[in-house]
1. Does the range 124-134 contain any residue that is without any contact (Cβ under 8 Å) to a residue 12 or more places away in the chain, more than 25 Å from residue 66 (Cβ to Cβ) and under 19 Å from the mean Cα position of the chain (by Cα)?
2. Give the range 137-157 a look and list any residue that's at pLDDT below 80, surrounded by fewer than 17 Cβ atoms within 10 Å (Cβ to Cβ) and assigned to a helix (DSSP H, G or I), or say none.
3. Tally up the residues in the range 159-181 that are in a helix (DSSP H, G or I), out of contact with any strand residue (DSSP E or B) (no Cβ under 7 Å at 6 or more places or on another chain) and surrounded by fewer than 16 Cβ atoms within 10 Å (Cβ to Cβ), please.
């Protein structure tokens, strides 16, 4: 739309619709555009490293948005009938990623959801496409030190079951950060804040974004 169109002194704008000319008031047009820009995205997807709080924040955000909440890790476990740790043990990371991809494809096709994704979901190109094309993506971040506090000693983190889990975590975060940034519509810090506080901040960021063209 040309810059300054609403600053013109004319009171009406002619519009050609289906071969007929209608006169639409500038006030009505402006109101329609404002309403369009204020619509909330149908789906919100949370991405970020393990331990950043995607599940906790996602639950709070779903309440605020009055949407259904899903956790891709939990849904993968339910569908497989096995824990993530067991899936890694039996099928390896590649086997788990294949199951995870199927889960994310299925969930992102839904409407009216908040989805917390697994930390490594963005490693698969198809998942990145699903997330970018089917919803509004929020990248939750926190310093490695904070992530380490939340994940150390957690036996349900297969990738951290090494002699140097802190070093492994740093490497994982460094390698995945570009992928998180690639898919993200907004980046939000989750460092030292409660899930409810972060969820409210995410909501405020979403409300300020011009995403009427988003899914």
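The values are calculated or read from the model by the stated rules, or taken from the named source; none is laboratory data. Predicted, not measured: the structure shown is a model, and the values here were computed from it. All Cβ positions, even for glycine, are placed from backbone atoms using ideal geometry, and neighbour counts span all protein chains on display.
1. Scanning the range 124-134 turns up at least one residue that is without any contact (Cβ under 8 Å) to a residue 12 or more places away in the chain, more than 25 Å from residue 66 (Cβ to Cβ) and under 19 Å from the mean Cα position of the chain (by Cα).
2. Correct list: 150 only.
3. 9
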